[in-house]
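Asks: Mind having a look at this structure? Questions to follow.
Since every read-out is calculated from the coordinates, none of them should be taken as a lab result. This structure is a prediction, so every number in the text was calculated from the model and none was measured. Ideal geometry is used to build each Cβ from the backbone, glycine not excepted, and the neighbour counts take in all protein chains shown.
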Amino acid sequence: MTAACIEPTNSGGGGPYDAEVDAAPDVAVDVTSDTTPADAAPDTAPADVTPADVTPADVTPADATADAEPADVTPVDVATDTAPADVTVDAARADVTVDVAPADVATDAARVDATTDAATADVVTADVATDAARLDAAVDASPVDAAVDAPPADVPTGPSVELWLLRVGDGTAALTNSATPLLIERRASNGGAMLGASINLPIAASGANRPIALSGTATSEGSLTRSANGRFVTLAGYAAVPGTATVATSAADVVPRVVARVGADGSIDTSTTLGGTFSANNVRGAVTVDGESFWVAGTAASGALGGVQYALRGGASAPVSIIATPSNVRSVNIFGGQLYGASSTTNFYGLFVAGTGTPTATATGTLLPGFSSASGPSPYGFTLLDRDPAVAGVDTAYVADDRAVASGGGVQRWTLVAGTWTLGATFNTGITSGVRGLTAWAEGANVAVAAVTAETPSRVVIYRDVPGATPGAATVVSTAPTNTHYRGVALAPTL
């Protein structure tokens with residue numbers, strides 16, 4: 001059986017919690033949690049709020065009572081998975097991360113037009129409105145290239161491939177919980193050299209295309225995936241102009257959620273909005289087979305639709321709720337023609353299969369055998385590969401876990417043994433926190449894994465899994481410049 005080389009999405013983990021609180025003094029609280037709607041205290045945020053994870057992520061629950069689960073931020077400098085004494089934590093693992101935005105964050109009245117653009121024109125435009133001034137700002141001239149580590153002599157290397165790195169922020173101002181511009185860096189996996197100009201995602205409407213942004217501090221957002229046919233990468237965000245306040249808790253009828261499809265040629269389509277789904281909470285990622293329809297992951301306030309939604313490009317029809325349980329999903333991806341997801345919420349602390357194939361109607365989410373139904377693990381991005389010719393279909397999983405290194409955070413390798421997935425190794429040498437974004441590919445008998453760390457500053461690192469060898473140290477592809485944060489990583493699409 002040939003080795004499938006399929007790439008994941010994208011997902012610090014100060015612990016197994018998933019409550020994102022983007023709390024700016026005297027402004028709306030940005031809370032996201034991987035719990036069921038009833039699990040969050042009424043005054044923290046809408047129930048079932050999945051924490052809007054933080055970039056200054058080294059903060060565990062603060063001043064919040066929550067029945068939340070794994071927080072989307074694993075503190076880099078906190079060597080404990082316990083919550084502060086002033087936080088009530090139940091068995092469901094409330095991990096509230098506080099995104100403290102400057103007190104001068106104004107509630108930006110310049111909200112994006114809530115009208116869901118019905119235009120279904122085939123928008124694959126490269127000329128979307130972008131701020132030319134921020135093109136490559138603080139990227140190519142940043143200290144990133146200087147911080148790239150060459151692989152140690154004893155670390156095996158394979159052929160260099162092109163990686164696309166989703167970055168939040170242009171470096172000009174500190175990250176807050178307001179809408180923050182995005183760009184995609186194109187880098188070599190070996191050495192991290194830039195392989196062309198960065199791709200700036202639109203910050204204003206242009207025709208049927210919408211702006212797309214993420215919260216600067218909600219680190220559970222920003223999963224990046226390559227399409228099943230290899231021609232696109234996709235992500236999900238908010239149709240908001242930069243500076244729009246507390247986007248992660250904004251109502252979807254005010255700030256619609258939107259999918260971005262980026263082609264190998266750099267063309268951008270942000271015409272797909274998602275109706276009232278993922279309202280008042282995090283939208284996290286999207287995956288597609290061919291760029292014409294999307295499966296989108298995230299969570300929502302109580303009474304709104306989260307989980308996994310299915311939408312046609314251009315918003316030709318209302319989204320369809322595919323997976324309602326779990327209602328809080330961190331990432332989705334497609335391997336071997338099957339839709340999978342990652343979650344860290346009640347009864348789903350691992351990878352799950354979403355129905356059969358790539359469902360377009362309501363389906364059931366089923367935890368893969370061997371992954372935990374009890375709190376503890378904190379999975380984000382993942383890749384499934386077919387490595388064993390004796391096992392039909394995918395048999396090896398690489399999973400990002402953003403817990404503290406001492407608690408099991410890092411890149412996990414799982415293998416399918418007699419029908420059950422078994423954790424075989426965790427790669428975390430050379431990093432100080434867990435990881436969130438992840439992609440992996442075969443290099444002959446070895447496998448290379450690229451992951452985005454939950455550190456501050458975040459880094460994109462490479463591990464190489466060599467059969468029979470002890471997990472080695474990470475090599476660095478890139479370190480995020482000041483006032484920016486890496487979120488997702490994917491193999492570059494091809495024409």
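Asks: Can you name every residue in region 297-336 that is of a type in the set (Gly, Ala, Ser), in contact with a Ser or Thr (Cβ under 7 Å, 6 or more places away or on another chain) and not in a strand (DSSP E or B)?
Replies: Listed by number, the residues that qualify are 300, 301, 304, 306, 314, 315, 316, 327.
Asks: So, one more: For the list (1) surrounded by 21 or more Cβ atoms within 10 Å (Cβ to Cβ); (2) within 23 Å of residue 269 (Cα to Cα); (3) of a type outside the set (Phe, Trp, Tyr), I need the number of the one condition that residue 323 fails.
Replies: (2)
Asks: Related question: For region 192-213, name all the residues that are closer than 23 Å to residue 381 by Cβ and either aliphatic (A, V, I, L, M) or surrounded by fewer than 18 Cβ atoms within 10 Å (Cβ to Cβ) (or both).
Replies: Scanning region 192-213 gives 194, 195, 199, 201, 212, 213.
Asks: For residue 216, state whether it is touching a strand residue (DSSP E or B) at 6+ places or on another chain (Cβ under 6 Å), surrounded by 24 or more Cβ atoms within 10 Å (Cβ to Cβ) and under 26 Å from residue 365 (Cβ atoms).
Replies: Spelling it out, it is not the case that residue 216 is touching a strand residue (DSSP E or B) at 6+ places or on another chain (Cβ under 6 Å), surrounded by 24 or more Cβ atoms within 10 Å (Cβ to Cβ) and under 26 Å from residue 365 (Cβ atoms).
Asks: Also, quick follow-up: Do we have residue 356 as outside any strand (DSSP E or B) and either among the hydroxyl-bearing types (Ser, Thr, Tyr) or under 17 Å from the mean Cα position of the chain (by Cα) (or both) here?
Replies: Numbers: outside any strand (DSSP E or B): yes; either among the hydroxyl-bearing types (Ser, Thr, Tyr) or under 17 Å from the mean Cα position of the chain (by Cα) (or both): yes.
Judged against the criteria, residue 356 is a match.
Asks: Could you tell me whether residue 291 is of a type outside the set (Phe, Trp, Tyr) and under 26 Å from residue 353 (Cβ atoms)?
Replies: Spelling it out, residue 291 is indeed of a type outside the set (Phe, Trp, Tyr) and under 26 Å from residue 353 (Cβ atoms).
Asks: Taking interchain pairs and intrachain pairs at least six residues apart, which have beta carbon atoms under 6 angstrom, with the first residue in region 327-338 and surrounded by 24 or more Cβ atoms within 10 Å (Cβ to Cβ) and the second of a type in the set (Asp, Glu) and assigned to a loop (DSSP other than H, G, I, E, B)?
Replies: 327/48; 328/34
Asks: Tell me, yes or no, whether region 307-317 has at least one residue that is in contact with a strand residue (DSSP E or B) (Cβ under 6 Å, 6 or more places away or on another chain), among the aromatic types (Phe, Trp, Tyr) and buried (at least 24 other Cβ atoms within 10 Å of the Cβ).
Replies: Kept after step one, since they are in contact with a strand residue (DSSP E or B) (Cβ under 6 Å, 6 or more places away or on another chain), are these residues of region 307-317: 307-315.
Filter once more, so that each one left must be among the aromatic types (Phe, Trp, Tyr): 310.
If we keep only those that are buried (at least 24 other Cβ atoms within 10 Å of the Cβ) as well, we get none.
Looking through region 307-317, none of the residues is in contact with a strand residue (DSSP E or B) (Cβ under 6 Å, 6 or more places away or on another chain), among the aromatic types (Phe, Trp, Tyr) and buried (at least 24 other Cβ atoms within 10 Å of the Cβ).
Asks: Moving on to the next point. If you check residue 424 against the conditions, is it within 20 Å of residue 469 (Cβ to Cβ) and in a loop (DSSP other than H, G, I, E, B)?
Replies: Criteria not met by residue 424.
Asks: Can you tell me how many residues within region 390-430 are farther than 20 Å from residue 338 by Cβ, of a type in the set (Val, Ile, Thr) and crowded, with 24+ Cβ neighbours inside 10 Å?
Replies: Number of matching residues: 1.
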